1. Identify the residue in region 232-291 that is more than 18 Å from Asp141 (Cα to Cα) and among the acidic types (Asp, Glu) and, among all such residues, is modelled with the lowest pLDDT.
2. Yes or no: Ser40 in a loop (DSSP other than H, G, I, E, B), touching a residue at least 24 places away in the same chain (Cβ under 8 Å) and hydroxyl-bearing (Ser, Thr, Tyr)?
3. Of all the residues that make up region 98-122, how many are under 24 Å from Arg169 (Cβ atoms) and either in a helix (DSSP H, G or I) or in contact with a Pro (Cβ under 7 Å, 6 or more places away or on another chain) (or both)?
4. Suppose the filter is within 25 Å of Tyr15 (Cβ to Cβ) and surrounded by 20 or more Cβ atoms within 10 Å (Cβ to Cβ); does Tyr129 pass it?
5. Only one of (1) closer than 19 Å to Trp190 by Cα; (2) at pLDDT 95 or above fails for Asp158. Which number is that?
6. Only one of Leu67, Leu47, Leu37, Leu27 is of a type in the set (A, V, I, L, M) and in contact with a His (Cβ under 6 Å, 6 or more places away or on another chain). Can you tell me which?
7. Residues that are farther than 22 Å from Asn263 by Cβ: list the strands (runs of 3 or more DSSP E) wholly contained in region 123-226 that include at least 1 such residues.
8. Can you name every residue in region 248-270 that is hydroxyl-bearing (Ser, Thr, Tyr) and surrounded by 10 or more Cβ atoms within 10 Å (Cβ to Cβ)?
Amino acid sequence: MKVAGFTFIRNAIKYDYPIIEAITSVLPLCDEFVVALGNSDDGTLGLIESIASPKIRIIHTIWDDTLREGGRVLAVETDKALRAISPDADWAFYIQGDEAINETQHPIIRAAMERYLADNQVDGLLFDYLHFYGSYQYLGDSPRWYRREVRIVRNRADIYSYRDAQGFRKEKDQKLSVKPIFAQIYHYGWVKNPQKQQAKAQSFNKLWHSDEWVKENVKQEENQYDYYQIDSLKLFDGKHPSVMEARIQRTDWVFEFDVSRKNMKLKYLVRYWFEKTTGYRPFEYKNYRIV
């Protein structure tokens, strides 16, 4: 069984992406790892090269900044990395620049890839998600956060990144047939110094919206992101991946939140408590088909 990891990244230093942690968290499971490095104006190239692993292969790309509808450019860049994987790889393990996996789950993930390797009905493997917000001790727990997504797919030409690169589809826009493997993706996209988060918000929203929309909806005069506008959080009582330890120790801001506070309209609050009581989320969007 051959496993290839892949990701894309641009301006990781400027916007404080934990790309080193993302790559190194999955590298032990991979025989090779492709990084699609977009045209950056910081030291992202040197940052990736500092990993100094013979498994890593960097391809240089140019982002099409005119693709501003629905974050399409993110899927385009993901596909560039996916298509650069060696053709003899069986599985393609996707990790985004603000995600990581816990090393304690490596055996679970490897066993799942081996188990379903010969099962051609399985297009990919489905992970649960932990969405950290504001700091490393809080998790987003409202219906606004997606609960699961595909991060391992077959290395096949008919599989491609979908919409804004959250997940994947296959030929004729079909959902992938997947197996849940009960491993978790730790998502850190909403955890960084508020100044860095605000700079990211001002830039990142341009991948989805026009300059006019960004000007009207993202506070340009602010130099710090307001983490307190969130609807609901809960405390994290687990252990972070070891690759994140140094980054967590470098935390240079404070965010504290009353987890009993629920800032939702009544209809969303009803859905929230229904999910917490039953484990079922009504009207949940699923970009996959469990088999």
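1. Pass one, region 232-291, residues more than 18 Å from Asp141 (Cα to Cα): 241-254, 287-291.
Next cut, among the acidic types (Asp, Glu) only: 245, 252.
Values: Glu245: 98, Asp252: 95.
Filtering region 232-291 for residues that are more than 18 Å from Asp141 (Cα to Cα) and among the acidic types (Asp, Glu), the one modelled with the lowest pLDDT comes out as Asp252.
2. Numbers: in a loop (DSSP other than H, G, I, E, B): yes; touching a residue at least 24 places away in the same chain (Cβ under 8 Å): yes; hydroxyl-bearing (Ser, Thr, Tyr): yes.
It is true that Ser40 is in a loop (DSSP other than H, G, I, E, B), touching a residue at least 24 places away in the same chain (Cβ under 8 Å) and hydroxyl-bearing (Ser, Thr, Tyr).
3. Step one: filter region 98-122 for residues under 24 Å from Arg169 (Cβ atoms), giving 98-99, 101, 109, 112-113, 115-122.
Now restrict to residues that are either in a helix (DSSP H, G or I) or in contact with a Pro (Cβ under 7 Å, 6 or more places away or on another chain) (or both): 98, 101, 109, 112-113, 115.
Total meeting the criteria: 6.
4. Details: within 25 Å of Tyr15 (Cβ to Cβ): yes; surrounded by 20 or more Cβ atoms within 10 Å (Cβ to Cβ): no.
Answer is no for this residue.
5. (1)
6. Numbers: Leu67 fails: in contact with a His (Cβ under 6 Å, 6 or more places away or on another chain); Leu47 fails: in contact with a His (Cβ under 6 Å, 6 or more places away or on another chain); Leu27 fails: in contact with a His (Cβ under 6 Å, 6 or more places away or on another chain).
Of the residues listed, the single one that is of a type in the set (A, V, I, L, M) and in contact with a His (Cβ under 6 Å, 6 or more places away or on another chain) is Leu37.
7. On the way: elements: 124-133, 135-140, 148-154, 159-162, 167-170, 177-190.
Result: 124-133, 148-154, 159-162, 167-170, 177-190.
8. Keep residues of region 248-270 that are hydroxyl-bearing (Ser, Thr, Tyr), which gives 251, 260, 268.
Of everything in region 248-270, those that are hydroxyl-bearing (Ser, Thr, Tyr) and surrounded by 10 or more Cβ atoms within 10 Å (Cβ to Cβ) turn out to be Thr251, Tyr268.
The values are calculated or read from the model by the stated rules, or taken from the named source; none is laboratory data. Values in this document were obtained by computation on a predicted structure and should not be read as measured data. Note that we place each Cβ from the backbone using ideal geometry, even for glycine, and neighbour counts take in every protein chain shown.
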